[in-house]
Amino acid sequence: MRGLLALLVTLLAAPLAAKEDIVLGLSQNRVRITADFDGSEILIFGAVKRESPIIEPPLDVIVTLAGPSTPVTIHKKDRRLGIWVNAETVDIDAAPSFYAVASSGPTGEILRQTEDLRHSITVPRAIRSVGAASMTQNPAAYTEALIRIRENGGVYQSLEEAVELDQQTLFRTSISLPSNLTEGAYDTRVFLLREGHVVSRFDTVIDVRKVGLERWLFVLSREQPLAYGLLSLSLAIFAGWGASALFRAIRSA
Amino acid sequence: MQVYLPIAEVSVNVFLLLGIGGIVGVLSGMFGVGGGFLITPLLFFVGIPPAVAVATSANQIVASSVSAVLAHLRRRTVDLRMGTVLLLGGLMGSALGIVIFNYLRSQGQVDLLVNLCYVIFLGTVGALMFIESLRALQRTRRKPGTVAPVKPRRQRSWIYALPLKVRFRTSGLYISVIPPILVGMSVGVLAAIMGVGGGFIMVPAMIYLLNMPTKVVIGTSLFQIIFVTAFTTLLHAVTNQTVDLMLALTLLLGGVVGAQFGTSLGSRMRAEQLRILLAVLVLAVCGKLALDLLLPPEELYELAEA
């Protein structure tokens, strides 16, 4: 009877003890793309807030940073009549322009498949390709190619064991943003895991924006394309004339 | 030093871009080609998205061509009348070319068509020009001391029998406007499909089909390239919004300076040498493109923004 009571107490206490919240800090909550922008590094750090003592089993942390998602078309080359041509085309519904996953351990061990599916955590899960199956017999090969090409380009990053976790409480990681960054809201998510289950989650957004001249040119090209085109042409003609005049002046001097 | 390009959305080294602009500018001033067939692949190579590379190089070609044409105008090596006639044909041709291009795009495989066009035309033009100028060079070498034949024989062919004859004083020609309009038109079609100014086709066409003197050909070709590429730039800016002003400005800083050097370099060289050099360059680019089509690619898959 006493044993049963003790068991009941532990069962009731367990969810209460598991109540753990994330307190997050970012080295910067906005990235400004200026004319001399050459990539950036974001430091993501935080602590686990809890009312009760630390419980076993040990905690794991996963941090993800995702750029805006866009559709992508993938062509596969094949040899036809001796030359290499785009033989098969597959459309991916949505793939993030940037995606980084940093974790405190190997994602295969600290994260369960079902949780990965639910929260779309690892790189392959962050890509949505429902329509691909109707366009090819081997849709997986296309997703793999997309990940491979973007990993080589540095825009998809799987940073295993890149999150440092101290005393089950303090965590920190740094994610480097490449120089070829697209504008938009970058979703930042932090997951706390125990035995592969997500026990807590925190979401925030890092704003990546062009500023100054970059912003002005971009907006003009989208909103007044004709004026933008004429501006480009007049600058080109002026530069051509200027160089010609300058050289004549130099030669006659 | 890096610069972030607002439309291309990549960050590239400034000196790399200045260098590319400069090299293409030198070639443009020397040979009277816009350099589109060279600058676009070079921009792909440094990681600029293809659509932005094609549109922006058109804008850059406008700048270096203006710079070079002004130098040619002072030297009186531009046949304005011939240039205008060619341009009329050229604009008609590029309008037609854009219609063909859009039709082919709806059918898919437009990349392949563009590449094949490059290989076939660069290969043919390059080979013909190389053989011809090699012969011309041998003719002048064989008789040291004696004066080289002043003028290759004029072909008094059917071209001279056509009506609507006009005197082109700068070129020293009295021919019908029909052949130049046809030449301009076919170059315009190809230019629109291949996304270039078309100088590398225009120059040999003027020399071999219209019998224009080489010195006049370069300035005249540049003159009409300005208008064709300006038209293309506007079209890209309005329909695709892929002209990157920041990229164009950096390229043309290098380009306009290069074009001035190229023009003075070109005026110091003999016409045959100039043509052999251009032929070698054209053949080199053609060879590179042909290898890309024939050799198995390292990465079978290719991403394109939808």
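Report summary: the helix-based calculation at 222 nm, which adds -39500 (n - 2.57) for every DSSP H run with n ≥ 4 and divides by the residues of the protein assembly as shown, gives -17500 deg cm²/dmol.
Extending 7 Å from the Cα toward the beta-carbon at both residue A:30 and residue B:268 defines two label points whose distance is 5.4 nm. Cα centroids of the stretch B:66-101 and the stretch A:140-160: 46 Å apart.
Summing charges over neighbours of residue A:107, with a neighbour being any other residue whose Cβ is under 9 Å away from its Cβ, gives -3 when K and R count +1 and D and E count -1.
With q set to 0.11 Å⁻¹, the log10 of I(q)/I(0) for the protein assembly as shown, from the Debye formula over equal scatterers at the Cα positions, is -1.02. For residue A:69, the residues whose modelled amide H falls within less than 5 Å of its own, excluding neighbours fewer than 5 places apart on the same chain, are A:97.
Span-like helix check, chain A: qualifying full DSSP H segments, with Cα axial length of 24 Å or more and mean Kyte-Doolittle of -0.5 or more, are A:225-252. Remark: the stretch A:114-128, residue by residue, has Karplus-estimated 3J(HN,Hα) of 5, 5, 4, 4, 5, 9, 6, 9, 6, 4, x, 6, 6, 9, 9 Hz, where x stands for each Gly or Pro and the curve is 6.51 cos²θ - 1.76 cosθ + 1.60 at θ = phi - 60°. Per-residue shielding of B:60-68, expressed as the average number of other chain Cβ atoms within 10 Å of the residue Cβ, stands at 6.
Between residue A:93 and residue A:125, the simple spin-label model (points 7 angstrom out along Cα→Cβ) gives 1.7 nm. Helix B:110-142 sits at what angle to the longest principal axis of chain B, using alpha carbons and giving 0 to 90 degrees rounded to 10? Helix B:110-142 sits roughly 30 degrees off the main axis of chain B. Peptides A:213-224, A:96-107 ranked from most to least packed, by the mean per-residue count of other Cβ atoms within 10 Å: A:96-107, A:213-224.
For the residue pairs A:76/A:210; B:215/B:288; A:77/B:288, the C-alpha atoms sit more than 26 angstrom apart in A:76/A:210; B:215/B:288. Under 1.5 on a/c is rounded, so check that first for the stretch A:97-159, then, if it is not, pick prolate when a/b is larger than b/c and oblate when it is not; a ≥ b ≥ c are the square roots of the alpha carbon gyration tensor eigenvalues. In terms of gyration-tensor shape, oblate. Specify whether the C-alpha gyration tensor of the stretch B:1-113 places it in the rounded, prolate or oblate class, a ≥ b ≥ c being the square roots of the eigenvalues: rounded for a/c under 1.5, otherwise prolate if a/b is larger than b/c and oblate if not. Since a/c reaches 1.5 but b/c is at least a/b, the shape of the stretch B:1-113 is classed as oblate. Under the convention that each Lys and Arg Cβ holds +1 and each Asp and Glu Cβ holds -1, the size of the dipole of chain A around its Cα centre is about 780 debye. Counting neighbouring Cβ atoms within 10 Å and putting the fewest first, the residues A:23, B:189, B:177 line up as A:23, B:177, B:189. If you plug the beta carbon distance of residue B:238 and residue B:304 into 1/(1 + (r/R0)^6) with R0 = 22 Å, you get a FRET efficiency near 0.50. To the nearest ten degrees, helix B:178-194 and the longest principal axis of the Cα atoms of chain B are 20 degrees apart. Once the Cα atoms are used to define both axes, helix B:245-267 deviates from the longest principal axis of chain B by about 20 degrees. Placing a label point 7 Å from the Cα of residue A:176 along the Cα-to-Cβ line, the residues of the stretch A:91-113 whose backbone N sits under 18 Å from it are A:98-103. Mean sequence separation of contacting Cα pairs (under 8 Å, at least six apart), scaled by the length of the stretch A:178-253, corresponds to a relative contact order of 20 percent. Peptide A:222-234 shows a mean partner chain C-beta count of 6 within 10 Å per residue C-beta. Figure legend: label point modelled 7 angstrom from the Cα of residue A:202 along Cα→Cβ; residues of the stretch A:50-84 with amide N under 11 Å from it are A:50. Ranking B:123, A:213, B:296 by how far each Cα lies toward the positive end of the dipole of the protein assembly as shown (charges on Cβ) leaves B:123 at the top. Shielding of peptide A:172-179 by partners, expressed as the average count of other chain Cβ atoms within 10 Å per residue Cβ, is 1. Going 7 Å from the Cα of residue A:49 toward and past its Cβ, which residues in the stretch A:159-196 have a backbone nitrogen under 16 Å from where you end up? Residues A:169-171, A:190, A:192 qualify, since their backbone N sits under 16 Å from the label point.
Any read-out appearing in this document is the output of simple, stated calculations on the displayed coordinates, not a laboratory observation. Please read all numbers here as calculations on a predicted model, not as lab measurements. Note: ideal-geometry Cβ built from the backbone for every residue, glycine included; neighbour counts use all protein chains shown.
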